[in-house]
Amino acid sequence: MKKEFKEGDIIITVDYDKCTGAGECVTACPVEIFALEGGKAIAQNVGECIECCACVSACPNDAIEHSSC
Ligand code: SF4
Ligand code: SF4
């Protein structure tokens with residue numbers, strides 16, 4: 001199952017079949033968009049994303065898709 005987090009032009013998608021909840025995305029994001037909820041990554045305040053793509057690179061399971069990356 002994939003979940004989409006959207007604000008303005010930015011869409012971040014997390015594939016929950018791939019996400020293991022290890023939290024590399026939480027650590028990698030410089031503006032704290034990611035958090036863990038129930039052992040899975042969620043994205044919050046997506047409008048504050050600076051489109052650096054660090055989350056996509058950091059995820060060891062290719063679980064994150066980003067509209068700008
Ligand atoms: S880095 Fe990837 S696998 Fe780890 S919590 Fe984030 S989305 Fe899930
Ligand atoms: S692209 Fe950069 S700022 Fe945006 S959610 Fe990913 S790590 Fe955070």
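Taken together, the values in this text are just the output of simple stated rules run on the coordinates, not laboratory data. What you see is a predicted model; the values in this text were computed from it and never measured. Note that each Cβ is placed from the backbone with ideal geometry, even for glycine, and that neighbours are counted across all protein chains shown.
Quick look at the values:
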| item | result |
| --- | --- |
| Residues located in the stretch 1-51, provided they are more than 17 Å from ALA63 (Cβ to Cβ), in contact with a helix residue (DSSP H, G or I) (Cβ under 9 Å, 6 or more places away or on another chain) and part of a loop (DSSP other than H, G, I, E, B) | GLY8, PRO30, VAL31, GLU32 |
| Members of the stretch 26-54 that are within 9 Å of the chain's Cα centre (by Cα), more than 11 Å from PHE5 (Cβ to Cβ) and within 7 Å of ligand 2 (Cβ to nearest atom) | CYS29 |
| Any hit, the stretch 56-67, residues being more than 13 Å from ligand 2 (Cβ to nearest atom), assigned to a loop (DSSP other than H, G, I, E, B) and on the phi < 0 side of the Ramachandran plot | yes |
